[in-house]
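*Asks:* Would you mind keeping the following structure in view while I ask a few things?
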Amino acid sequence: MIKKLSVVASLAITLAISSGTSVAEDLTEAIFTPFRQKEIVPVDNKQYKEECGSCHFAYQPGLLPTKSWEKLLTAEALSKHFGENAELDKDTLKVIYDYAIANAADKSFHKRSRKIAIATEHVDAPLRITEVRYIKRKHHEIPEKMIKGNKDVKSLSYCDACHTQANKGVFDADTVRIPNFPDWDD
């Protein structure tokens with residue numbers, strides 16, 4: 001019995017060493033961190049909030065994976081950012097790029113960001129949050145007239161039109177109020 005236990009312990013130690021301690025640390029932190037929360041990390045970078053938020057809702061980096069931010073935040077991509085010129089000077093772009101990459105969905109331990117990371121893991125980098133399978137699934141029961149046909153919403157890309165606490169990174173159903181449809185409940 002003792003021999004069996006020592007063999008099992010040796011195997012466990014070998015596995016831990018061969019897989020690298022950072023993997024074990026990352027897994028432990030992901031599961032046991034006291035900072036893990038349900039929603040998404042709110043934007044706390046002033047420059048990101050000002051630059052991105054001057055044209056649209058300053059989407060939290062945790063709404064897309066690293067591979068998406070890498071494609072979206074290049075000088076070339078920003079020169080034709082969804083049909084608009086959103087070019088930034090080199091220093092500002094670096095700050096925003098670094099912030100988005102450091103806080104991307106696949107780098108977060110927040111539950112909703114992790115779900116987005118998993119949903120985008122084996123697909124091409126989505127360039128729109130509304131292309132993320134997880135986001136589509138969360139909105140699939142909402143009738144089109146409440147979104148596209150609603151002058152105060154227009155599309156799913158206007159997160160803050162319905163998610164009253166979107167700026168805080170809170171996207172749960174309890175904080176949803178669809179303009180012009182106050183009594184709707186899925």
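Please treat every number below as a calculation from the coordinates, not as lab data. Keep in mind the model is a prediction, meaning the values are calculated, not measured. Counting neighbours? That spans all protein chains shown, and the Cβs are built from the backbone with ideal geometry, glycine included.
*Asks:* Pull up the range 154-174, narrow it to residues that are surrounded by fewer than 16 Cβ atoms within 10 Å (Cβ to Cβ) and among the polar types (S, T, N, Q), then point me to the one that is farthest from D185 (Cα to Cα).
*Replies:* Only one residue tops the list, namely S157.
*Asks:* Continuing with the same structure: Of all residues in the range 139-179, how many are in contact (Cβ under 8 Å) with a residue 12 or more places away in the chain, assigned to a loop (DSSP other than H, G, I, E, B) and among the small types (G, A, S)?
*Replies:* The number of residues fulfilling the criteria is 3.
*Asks:* Restricting attention to the range 79-138, report how many residues are assigned to a loop (DSSP other than H, G, I, E, B), buried (at least 16 other Cβ atoms within 10 Å of the Cβ) and of a type in the set (V, I, T).
*Replies:* Selection size over the range 79-138: 1.
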